[in-house]
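The values are calculated or read from the model by the stated rules, or taken from the named source; none is laboratory data. Predicted, not measured: the structure shown is a model, and the values here were computed from it. Cβ placement follows ideal geometry from the backbone for every residue including glycine, while neighbour counts extend to all protein chains displayed. Note: areas computed on protein heavy atoms with side chains; ligands, DNA, RNA excluded. Shrake-Rupley method; radii C 1.70, N 1.55, O 1.52, S 1.80 Å.
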Amino acid sequence: MRAELTPPVLDAVPGSPAHLTVVVTNTSDVIAAYDVRVLGVDPRWVEVDGEPRLFPGTTGTVRVSLTLPVGVA
């Protein structure tokens, strides 16, 4: 599996959603499903749109939104 983030660095402003795209490539020889998670923040602040199920050699796109609450540094 290979994952590419766009943008590679995300600047998030508390109270406003910040968006990124994850392009996942299945580099294995079998069909695979992928679950994208954001670690290190409260899961309630994150919205993930998509769970790609990919044939070998194909790619899928997942959109991620992160909204930090106001008052978070």
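A cut-off under 11 angstrom between Cβ atoms defines the neighbours of residue 63, and their net charge, with Lys, Arg +1 and Asp, Glu -1, is -2.
The range 1-34 and the range 40-73 have their alpha-carbon centroids 7 Å apart.
How about the chain: which trypsin sites (Lys or Arg not before Pro) there are in a DSSP loop, with at most 10 other Cβ atoms within 10 Å of their Cβ?
Working: sites: 2, 37, 44, 53, 63; in loops: 37.
The qualifying sites are 37.
Near residue 72, once Lys and Arg are set to +1 and Asp and Glu to -1 for all other residues with Cβ below 15 Å from its Cβ, the sum equals -1. Protein heavy-atom accessible surface, 1.4 Å probe, per residue over the chain: 70 Å². Backbone phi angles across the range 9-17, fed through the Karplus curve with coefficients 6.51, -1.76 and 1.60 (θ = phi - 60°), yield HN-Hα couplings of 10, 10, 9, 10, 9, x, x, 10, x Hz in residue order; Gly and Pro are listed as x.
Quick check: at a probe of 1.4 Å, how many percent of the accessible area of the chain sits on carbon and sulfur atoms? Ligands and nucleic acids excluded, carbon and sulfur give 56 percent. Along the range 56-62 the Karplus relation, 6.51 cos²θ - 1.76 cosθ + 1.60 evaluated at θ = phi - 60°, assigns HN-Hα couplings of x, x, 9, 10, x, 10, 10 Hz to successive residues, with x for each Gly and Pro. The phi-based Karplus calculation (6.51 cos²θ - 1.76 cosθ + 1.60; θ = phi - 60°) puts the 3J(HN,Hα) values of the range 41-53 at 10, 4, x, 5, 8, 10, 10, 10, 10, x, 9, x, 10 Hz, whole numbers, x for Gly and Pro. The candidate values were (1) 1.23; (2) 1.00; (3) 1.12; the one computed from these coordinates for Cα Rg over 2.2 N^0.38 Å carries the label (1).
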